[in-house]
C-alpha cells in the first residue's frame, strides 16, 4: 500500500506540475487554452480571457480633436513668434529711420543756416532767402515747416517773405504754436519798422 500511495502522490505531483506549467503557458499567451476551459465551474474563471475595457467612441473622437487642436495651437504659436520677431524688426527699422530723418533735417537746417550766414550783406542775404524760399516751396509743407522751425526767427521771416503768401501761410501753420506766434510777432514788428 505504501508503494501505491507513493505512486499516487507522484502521479498527482506530475499532474499538478503539468497543470501549473500549462496554466502559466496559457496565461502568458504561449499556448492557446481550449475553448471549453472558461466554461468549467470553479476553475473556468482562471482561464477566461481578460476583458478589454470598452472605450467610448465619443472619448476617442474627443481625444483625436484634442490632439488636432494641440497641433494647431503649436502652429499658431510658431506663427505668432515669427510675426512678433518681424514686428520687432520693423519697429527697430522705423526707429532708426525716424532718427535718421531727424538727423538729416538737423543737417539741412544747419547747412541752410551756414548758407544764410555766409552771405553777409543784405543783397546777398535776400538772394539767399529767395533761393531758400524756392527750395522750401518745392518741399512738402510739413517737412519744410519742420526744417524752417529750426532756423533763427530772422532767417525764417526772410525766407517766408520771399515765398508766395499761400505757401508761407501753410508752412507757418505747421509750426508749433509758440514758434508760429514768435515768428508772427517779429514779422509784425519788422513790417511796422521798415
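Data for the structure
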read-out	value
0 to 90° range, to nearest 10: angle between helix 57-118 axis and the chain longest Cα axis	20 degrees
Residues residue 150 and residue 95, FRET efficiency given R0 of 22 Å [Cβ-Cβ distance, rounded to 0.05]	0.60
Over the chain: helical MRE at 222 nm, DSSP H runs n ≥ 4 each giving -39500 (n - 2.57), nearest 500	-27000 deg cm²/dmol
Helix 153-162 vs. the chain, principal-axis angle (Cα, 0 to 90°, nearest 10)	80 degrees
Principal-axis tilt of helix 122-138 within the chain, Cα atoms, nearest 10 degrees	30 degrees
Residue 25-residue 103 pseudo-label distance in nm [points 7 Å out on the Cα-to-Cβ vector]	8.9 nm
Among 167, 97, 122: highest mean-square fluctuation, GNM of the chain, C-alpha pairs under 10 Å	122
Potential lengthening between residue 70 and residue 186 on full extension [0.36 nm per residue; Cα-Cα distance subtracted]	34.8 nm
Packing-based exposure ordering (other Cβ within 10 Å, fewest first) of 64, 177, 150	177, 64, 150
Estimated FRET transfer efficiency (residue 83, residue 167; beta-carbon r; R0 41 Å; 0.05)	0.40
Neighbour-count order for 80, 1, 139, fewest beta carbons within 10 angstrom listed first	1, 80, 139
Per-residue Cβ neighbour rank within 10 angstrom, fewest leading, 154, 65	65, 154
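FYI, it's all coordinate maths here, none of it is from the lab. All of these numbers come straight from a predicted model, not from anything done at the bench. Neighbour counts are summed over all protein chains in view; Cβ atoms, including those assigned to glycine, are modelled from backbone coordinates with ideal geometry.
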